[in-house]
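The values are calculated or read from the model by the stated rules, or taken from the named source; none is laboratory data. Fair warning: this is a prediction, and the values are worked out from it, not measured in the lab. Positions of Cβ are backbone-derived with ideal geometry, glycine not excepted, and every protein chain shown enters the neighbour counts. Each accessible area value is taken on the protein alone, full model and side chains, heavy atoms only, with ligands, DNA and RNA left out. Shrake-Rupley method; radii C 1.70, N 1.55, O 1.52, S 1.80 Å.
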Protein chains: 4
Amino acid sequence: MAGFFDRFSRLKSENDTGFSNTASGRFLNSNGYPNVKMAGLNPLEKYSWYHVMINLNSFLFILLLIVSYIVINIFFAFIYYLIGIDHLTGIDKSNVINEFTDVFFFSSQTFTTVGYGRIAPVGFLASLVATFEAFLGLLSFAIATGLFYGRFSRPRAFLKFSQNALISPYQDGKALMFRLAPFKNNLLTDAVVILNVAISNKEADSQTEFFTIEAEINKINSLVLNWTIVHKIDENSPFFGNTQEIFQTAEVEIFVQIRAFDEGFASTVVQRTSYTSEEIIFDAAFLPMFKPSYNHETTILNLDKINDFKKVNLN
Amino acid sequence: MAGFFDRFSRLKSENDTGFSNTASGRFLNSNGYPNVKMAGLNPLEKYSWYHVMINLNSFLFILLLIVSYIVINIFFAFIYYLIGIDHLTGIDKSNVINEFTDVFFFSSQTFTTVGYGRIAPVGFLASLVATFEAFLGLLSFAIATGLFYGRFSRPRAFLKFSQNALISPYQDGKALMFRLAPFKNNLLTDAVVILNVAISNKEADSQTEFFTIEAEINKINSLVLNWTIVHKIDENSPFFGNTQEIFQTAEVEIFVQIRAFDEGFASTVVQRTSYTSEEIIFDAAFLPMFKPSYNHETTILNLDKINDFKKVNLN
Amino acid sequence: MAGFFDRFSRLKSENDTGFSNTASGRFLNSNGYPNVKMAGLNPLEKYSWYHVMINLNSFLFILLLIVSYIVINIFFAFIYYLIGIDHLTGIDKSNVINEFTDVFFFSSQTFTTVGYGRIAPVGFLASLVATFEAFLGLLSFAIATGLFYGRFSRPRAFLKFSQNALISPYQDGKALMFRLAPFKNNLLTDAVVILNVAISNKEADSQTEFFTIEAEINKINSLVLNWTIVHKIDENSPFFGNTQEIFQTAEVEIFVQIRAFDEGFASTVVQRTSYTSEEIIFDAAFLPMFKPSYNHETTILNLDKINDFKKVNLN
Amino acid sequence: MAGFFDRFSRLKSENDTGFSNTASGRFLNSNGYPNVKMAGLNPLEKYSWYHVMINLNSFLFILLLIVSYIVINIFFAFIYYLIGIDHLTGIDKSNVINEFTDVFFFSSQTFTTVGYGRIAPVGFLASLVATFEAFLGLLSFAIATGLFYGRFSRPRAFLKFSQNALISPYQDGKALMFRLAPFKNNLLTDAVVILNVAISNKEADSQTEFFTIEAEINKINSLVLNWTIVHKIDENSPFFGNTQEIFQTAEVEIFVQIRAFDEGFASTVVQRTSYTSEEIIFDAAFLPMFKPSYNHETTILNLDKINDFKKVNLN
């Protein structure tokens, strides 16, 4: 198997993908994030908490907000309790549990700045703590509501990609094709696609070559319907020759990056995905995924058909 | 009518508009959004609520805010009512309606964090619900006020387009012309226009060709007065030859996209429109839409004259 | 004076400035905004209130906020007064003025969501109005504080320009020069300058030619010190020949636009200015505006010297 | 030492760095900000407070918020105290200190809009001041929380650079190399590097030449692992010839600017650094800083190894 990469010698291997030919495992995870772990940093330095919070699952994010809210109020309730419940007016002193829950509710009324006043601080210490709890509440809710709205309004591309990439007949030969479509009520303009490929020998260790591959159309004005991205397999393609053998004997990963402008967000948005050897279907062609409406006045784009294809005979 | 498109054979048909030659109906609606419906998705996935809210009519948006506010407070009022009005101090118990409205107002005082305290929770359950209502209120108002300010400050181009595009005399021949002007107190710089055309045979079904067409000037430094965009109809234009016949026998749609930088928003802004065959006026020329002020110290731009034209004789 | 513009016949007149050769008065006002008035619109359509508020003088902006706050509270005070002060607890009823001021203060405590509760609504109508006043207060403060912070954090270039442009000796000939410098603790990178010129005959009416002129260096990596922008007056310049006569017999306006990236704002910023014939100084050269610090460890940039020049002899 | 710069005569000296060849001291400070002081401005004009606040150390920023909060409340406490504590209900009048602290706490409850109401204003003057304190509180917290969240969410590149730049063997000759790596959970795409060099004679005063130098790869698609930036020292490099002598006899500073797009922030981010003569290591090569994980499923990037190099023999 020596000389495996000789077949690519006619092509200039690219070094500008940002990936290394000595890296291990899949390059991009299915979520489009790189398969790399950082080490050698103290944990505080390691994370951009903004990115953690923005990328967190919605359920976990809400849960985190609620848990933080409860924990902070329990913390302040303890402080008020230590100061003494005599420094708060209106506390129900019938039993310890009522005392503590009332102090907890006073804390929450201070932290949210509701401040009914049925329970209110008297005396220096309790008032001082309440003064800072209200201050802390405003700053904390600045982060919480900022992230809450930030997650809601964050510029995203909202694209669906076909699960598979196909090797389809194209012009006189073959082409690698996959497709993508917008799936929400946003409008992307000036969309650009960038394609990179990593090819590594399945048996040999740590040998990877990178190529930039061309799409027949790499820029469209408005991303209105689905966009089938077509990479013609000609002599400039690393897949030229016995395409099926290449995909079977080598570990191939095709990196896709879409960049476009969204008017609603008034911002550039980016989305990435990758296809590996296992996700390539040979001798297949995509089926149409849109059709005229009943009255021929509009076009209906069926997003559940994005991966629909039929087998075709490629000679 | 076979060979209808043969007349365009000298031109390279474009595939990079993002529209398909098998789509149905007008391509862009008059509001600049594509005439496409999405299908095959569950309703939750289908919408970017941010885009829905940002694009909603102002009256409906305000109405939605008010209705949501009332519904949420009625919901919480029911919960407090179920818990028992004995768990709220200061409720007017003279009759059931007064009871319920007082509970409703307590809810609103909690949700907005006003918290007068005339009505205040006592006991565990009511206090707990109030604790979470205040929390929910802060998060809800984060979205409501974020969208309210976001709609107010959203980068937009604020351009008016002439209702019609004209076929006017230009140099030794003809040109397609339309014009646009800024109509607000913002200033757009580095404005760029992109023009695409879809031409389809009126009688045959589902045949559309796309072309990118050139404007004589496609970039200006500052969009200060009106900008008349001129597409010269020469041998590189799909309208070359018997222009009037082309527009009459074919369904033509001209897509216009303007992109510029707005300093106030410190952001790129985009606006789109389209002209169909019916909106083309032949043998006409735009009339000036600005004039010097009385004292010749400034220029007055009459935006109500943006579509004013006169008929001219074109041989 | 016929043939005044013949001298420019060797140069291609530009049409991409966005200005018209039939416009009146100075093109750009000294603040960099165009000297154009919009007409033919209803007043509601005419303004982008965001731009009005963002560009408003700070004193007027604060004044507007305060006045709006007072007016809204007076308005609501009247409503509560009409409903009847019996529907508010804790009102000082000693005299009419005390009554009204207490109602006013109740309104402000509701609008800001302070809600002390010393004065609180009882009964349906007053509670209902208070419910909506708190709601309106939250939305209003969203706009007020959004604009307040938006003005504070708005991306701006913070550049000072020399008051005059000079005709200075340069290489073997002459050059038009002016300079600019950052004056705050921000850092601009990838700064680009665009220069346009409008030349019109002083005596003839409504004749203006536009030219794009070149700067010797039109892009710098970091705008750290002052940047002297140099337009060499050679055969490609509209000022070639008897430069002084051109500026004296014609109305000249030089438009300057600087575009750069600011890291603090993480945004592109733009600033514009213009120089007219009256602001051109002949046979002069700028004096240095920076010098080493006493210990030669840093450089001191004297922004008050930005327009310092000396007269030189140009033959 | 006359003719020191003659060695560079084959290269075009660049003037577009934005630095001046008569400036003093290091050009960029280690934090990437220029080593320049502004003078000749009144202090109010001199600072962009947004930039000051955004760049302030976190500890100082929080301290400033807390101190401002206390100072403002003491200020308002004095005003209420001057108006008379009889105009506030619920004040503990047992002694002067209790009086003043209660007034202080009333102020803080107003400024944060908590408004318990245990202490509440009665009478015109105290109510009026409270009305404006609540208003001021909302505006102040708009700035405080805006900055607090703005600092948290500000687009930054989060890159670590190697402390040293190396002169390493490269192809048949030598190259200047340094490396950088992302160190947080963000993802940078379309990263671009710009390199500039300032070379000045150590002995002569105030003579500096600027050059733009080329990197072998100046753009990568995704900044996933470390990026070693390689400047080949060939005849187009200012370091060609006796490289070591150049660095020893001249004061060299290499300016590095990285620009990339971050999806989480949906914004362009920029980071800068510089290397001076003292930070150049001769005859050395970087050691690998990433390795496969134990199970070869992912790649581990060791950020503490970013400056690890070994000495090599360069002939």
query: Exactly one of (1) in contact with a strand residue (DSSP E or B) (Cβ under 9 Å, 6 or more places away or on another chain); (2) within 7 Å of chain C (Cβ to nearest Cβ); (3) within 19 Å of D:Val67 (Cβ to Cβ) is unmet by D:Leu139. Its number?
result: (1)
task: Please tell me if C:Phe124 is more than 30 Å from C:Arg154 (Cβ to Cβ) and either within 8 Å of chain D (Cβ to nearest Cβ) or in contact (Cβ under 8 Å) with a residue 24 or more places away in the chain (or both).
output: no
statement: Note on C:Leu287: of the conditions (1) surrounded by fewer than 15 Cβ atoms within 10 Å (Cβ to Cβ); (2) more than 14 Å from chain D (Cβ to nearest Cβ); (3) modelled with pLDDT of 85 or more, unmet is (2)
Condition broken by C:Thr268, with the remaining ones in (1) open to solvent by 40 Å² or more (accessible area, probe 1.4 Å); (2) in contact with a Leu (Cβ under 9 Å, 6 or more places away or on another chain); (3) closer than 25 Å to D:Val52 by Cα satisfied: (2)
- request: Check whether at least one residue in segment B:277-291 is among the basic types (Lys, Arg) and within 22 Å of C:Lys46 (Cβ to Cβ), and report yes or no.
  value: yes
Residue satisfying condition, being more than 30 Å from A:Ile306 (Cβ to Cβ), open to solvent by less than 50 Å² (accessible area, probe 1.4 Å) and more than 10 Å from every other protein chain (Cβ to nearest Cβ), within set B:Phe59, B:Phe100, B:Phe76, B:Phe106: B:Phe76
- prompt: What do you reckon, is A:Ala142 surrounded by fewer than 23 Cβ atoms within 10 Å (Cβ to Cβ) and not β-branched (Val, Ile, Thr)?
  reply: yes
task: Would you point out the residue of segment B:165-194, among those that are surrounded by fewer than 18 Cβ atoms within 10 Å (Cβ to Cβ) and assigned to a loop (DSSP other than H, G, I, E, B), that is nearest to the other protein chains (Cβ to nearest Cβ)?
output: B:Asn185
- prompt: Quick check, is A:Leu44 assigned to a helix (DSSP H, G or I) and modelled with pLDDT of 90 or more?
  reply: no
- prompt: What number goes with the only condition from (1) modelled with pLDDT under 90; (2) touching a Ser or Thr at 6+ places or on another chain (Cβ under 9 Å); (3) closer than 30 Å to B:Ile300 by Cα that C:Asp92 does not pass?
  reply: (3)
task: Would you mind stating whether B:Tyr69 is open to solvent by less than 60 Å² (accessible area, probe 1.4 Å) and either on the phi > 0 side of the Ramachandran plot or within 14 Å of chain A (Cβ to nearest Cβ) (or both)?
output: no
message: Restricting to segment C:139-157, and then to whatever is touching a residue at least 40 places away in the same chain (Cβ under 8 Å) and hydrophobic (A, V, I, L, M, F, W, C), can you tell me which residue is farthest from C:Leu195 (Cα to Cα)?
response: C:Ala144
statement: Within segment A:8-41, of all residues that are more than 10 Å from chain D (Cβ to nearest Cβ) and open to solvent by 50 Å² or more (accessible area, probe 1.4 Å), the one modelled with the highest pLDDT is A:Asn31
- prompt: Would you call D:Thr298 modelled with pLDDT under 90, under 12 Å from D:Leu166 (Cα atoms), of a type in the set (Ser, Thr, Tyr) and surrounded by fewer than 19 Cβ atoms within 10 Å (Cβ to Cβ)?
  reply: no
statement: If we keep only residues of segment B:114-134 that are open to solvent by less than 30 Å² (accessible area, probe 1.4 Å) and in contact with a Leu (Cβ under 8 Å, 6 or more places away or on another chain), then the residue farthest from C:Ala134 (Cα to Cα) is B:Ala126
field: Any chance D:Phe210 is surrounded by fewer than 22 Cβ atoms within 10 Å (Cβ to Cβ) and within 14 Å of chain C (Cβ to nearest Cβ)
entry: no
- prompt: Which one of D:Lys160, D:Lys93, D:Lys174 is farther than 30 Å from A:Met38 by Cβ and assigned by TED's automatic domain parsing to the domain that holds D:Glu214?
  reply: D:Lys174
field: Positions within segment C:240-254 being open to solvent by less than 10 Å² (accessible area, probe 1.4 Å) and over 15 Å from C:Glu278 (Cβ atoms), in sequence order
entry: C:Thr243
task: May I ask you to list the residues in segment D:42-56 that are open to solvent by 70 Å² or more (accessible area, probe 1.4 Å) and of a type in the set (Ser, Thr, Tyr)?
output: D:Tyr47
- request: Return only the number of the condition from (1) modelled with pLDDT under 90; (2) of a type outside the set (Ser, Thr, Tyr); (3) open to solvent by less than 40 Å² (accessible area, probe 1.4 Å) that C:Gly84 does not satisfy.
  value: (1)
